[in-house]
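Data block below; observations after.
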Amino acid sequence: MEEKKPKSLRSKEWFGPEDEKMGFIHRSWLRNQGYPDDYFRGKPVIGICNTWSELTPCNAHLRDFAEFVKRGVREAGGFPLEFPVTSMGETLMRPTAMLFRNLSSMDTEESIRGYPLDGIVLLTGCDKTTPATVMGACSVDLPTIVVPGGPMLNGWYKGERIGSGTFVWKLKDKMKNESFTTADLTEAEICSARSQGHCMTMGTASTMACMVESLGLTLPGAAAIPAVDARKKVMAHLSGRRIVEMVKEDLKLSKVLTRKAFENAIICNAAVGGSTNFVIHLQAIANRIGVELELKDFDRLGSNIPLLVNLMPSGKFLMEDFFYAGGLPAVLKELEEILHKDAITVNGATIAENNQQAPCYNREVIASFDQPFQEKAGIAVLYGNLCEDGAVIKPSAATPELMTHRGKAVVFETIEEYHERIDDPDLEIDASSVIVLKGVGPVGYPGMAEVGNVDLPAKLLKKGIKDMVRISDGRMSGTAFGTVILHVSPESAIGGTLALVKSGDTIELDVPKRSLQLLISDEELKARRAAWVAPEPHSERGYLNLYINTVQQAHLGADLDFLVGKSGSEVKRDVH
Ligand code: FES
């Protein structure tokens, strides 16, 4: 058999020519960092794409963390070069970090393509940093491995587990109904963020970490290891070693990210009770790499999957407990019979091979497939005249009695109007009402903010009401819960039916039938549509303008339309 010639390194195009001016330029300036000559003579160059930032607290440890990756790269004979990309801190960035996911993905894509890199390690953590960098990397399609930064240690407050994010959503209730003082609040702030790492509930960051592991983009077991556990450093180190091998094997992203990998990720996300944000990010990643995926696939593949993980916001425990119980490998082992066993992962083995020995150490945290915490988890996709292109709800985080519901709409045209009026004692609202929030979609906010799980009115909280049906074109934090219908598409700002709802209209929700209907006549709907006036655009310049003019709707993944797909890694022209 003819021996397969190893593929020439991409970086050779920069460093290879011995006697040419360009080879001199590319090598000479890099030498100012003190690299010996052999670093330019055929070592695979590994780009460590770092989303470190002190303004992204969840990723603030990643600068030190990169050193462990470098250690592994060097041991395996590679040449590591770290570079920064736009980082998005969920809790600090206005108006919402999601507005900049696509910007960061562009930054990642062009940084990878423009530089002499053969393989990529993505260091990620906070919610948007994972999908953004994976999306960007997909559009170049080099060998790529993800190292998730890891969750914070369990939060503990007055003897109880306290979940980052999830506790925040209970605050309004607590401040109004209990003797909860400012001093208590201050104490709770540090208790819910007591170590480096990202949110330690099964919020969006943990969901994203599980997503990349179930897609096969991490070494097995990477998702759940806490940020401060020494094993996280080992994982980074081993990932550094492995990416060098991946370059030699030419194991590109597109070889791992097959349709089967996406289906596995959807099944896994349902089993772990992952965030609704999963839908939008996975869709965007699929569109970049060129795998066909539709909103309906999330329901078809995920909504009959049993819930196997007992983590907040749906359950009781946190990511540290999840790690001690066996982490994602234990879940993937339970799902073995329904996953595509032959989906290849970054270590070269299949997902089934990687997880076949995975033990579970605590059935209170990770259930067996036969005795799940809930029979059906996942995300339900709704259709109807109120959401012609779809909307999503996470039934495991909702109130079962509200899954079929008919109620009168109480409409808020903007988030500002909601804040102004929601606690007005004269607001006509009761527990059966349906809160409708407009103007929080991709174009409308802009950036599709995580405001869909708006607080209930104080007067109803005082009466002990814990949940109501809420509908919006926005998203919900993965740490949140409630009967919240999200991602209504098309959104109100571009004239979706949501824009036409008026207070007092009747809305009918039927999750078992996957239906969401505004119960008004077609004539009335037509008349309202004819009278509708589009809101003023948020900006006429800069990135914001580019974003609002090109962003796709939620059901397509909210990417910028011109970023969909990939351009590969070739760059034909050089700097001179
Ligand atoms: Fe960064 Fe939750 S705020 S992961």
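The values are calculated or read from the model by the stated rules, or taken from the named source; none is laboratory data. The model shown is predicted, which means the values in this text are computed figures rather than measured ones. Cβ placement follows ideal geometry from the backbone for every residue including glycine, while neighbour counts extend to all protein chains displayed. In case anyone asks, the SASA skips ligands and DNA or RNA and just uses the protein heavy atoms, side chains included. Shrake-Rupley method; radii C 1.70, N 1.55, O 1.52, S 1.80 Å.
Data table
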| read-out | value |
| --- | --- |
| Sorted peptide list for 331-344, 353-366, criterion being average Cβ within 10 angstrom, highest first | 331-344, 353-366 |
| Share of carbon and sulfur in the accessible heavy-atom surface of the chain [1.4 Å probe, %] | 52 percent |
| Per residue, in Å², the accessible surface of the stretch 472-576 once ligands and nucleic acids are set aside, probe 1.4 Å | 49 Å² |
| Calculated [θ] (222 nm, deg cm²/dmol) that DSSP helices of n ≥ 4 give over the chain, each run adding -39,500 (n - 2.57) | -10000 deg cm²/dmol |
| Tensor-based shape of the stretch 121-269 (alpha-carbon gyration tensor, a/c under 1.5 rounded, otherwise prolate or oblate) | prolate |
| Straight-distance crosslink candidates among lysines, where the alpha carbon sits under 27 Å from LYS466 and sequence neighbours closer than 8 are dropped | LYS158, LYS170, LYS172, LYS174, LYS176, LYS316, LYS376, LYS394, LYS408, LYS438, LYS502, LYS513 |
| Accessible surface, per residue, of the stretch 102-232 when the full set of protein chains is kept, probe 1.4 Å, Å² | 28 Å² |
| Contact order normalised by residue count of the stretch 38-83, Cα under 8 Å, 6+ apart, percent | 52 percent |
| Fully extended contour minus Cα-Cα distance, from ASN385 to GLU536, at 0.36 nm per residue | 51.9 nm |
| Relative packing of 27-33, 501-507, 406-412, 104-110, which averages over residues the other C-beta atoms within 10 Å, highest first | 104-110, 406-412, 501-507, 27-33 |
| Cα gyration tensor shape of the stretch 396-487, rounded if a/c is under 1.5, else prolate or oblate by comparing a/b with b/c | oblate |
| Residue-wise HN-Hα coupling along the stretch 141-148, computed from phi with Karplus coefficients 6.51, -1.76, 1.60 (Hz; x: Gly, Pro) | 6, 9, x, 9, 10, 9, 10, x |
| Under 11 Å, Cβ to Cβ, from THR550 - net charge with Lys/Arg +1 and Asp/Glu -1 | -2 |
| Karplus-derived 3J(HN,Hα), 6.51/-1.76/1.60, for each residue of the stretch 408-419, Hz, glycine and proline x | 7, 6, 10, 9, 10, 6, 9, 5, 5, 5, 4, 4 |
| Charge tally in the Cβ shell below 10 Å around LYS248, where Lys, Arg are +1 and Asp, Glu are -1, LYS248 excluded | -3 |
| Gain in span if fully extended, ARG406 to VAL168, counting 0.36 nm per residue against the direct Cα distance | 82.8 nm |
| Share antiparallel - DSSP beta bridges, the chain, percent rounded to 5 | 45 percent |
| Average Cα contact separation per residue, the stretch 13-104, under 8 Å, 6 or more apart, as relative contact order % | 25 percent |
| Amide H contacts of VAL45 (H built 1.01 Å from N, under 5 Å, at least 5 apart or other chain) | SER11, PHE79, ASP118, GLY119 |
| Cut-off under 5 Å, modelled amide H: who pairs with ASP559 long-range | GLN552 |
| ILE471 long-range amide H proximity, modeled H, under 5 Å | ILE435, VAL436, LEU437, ILE485 |
| Cα-based shape type of the chain, given that a ≥ b ≥ c are square roots of the gyration tensor eigenvalues and the cut on a/c is 1.5 | prolate |
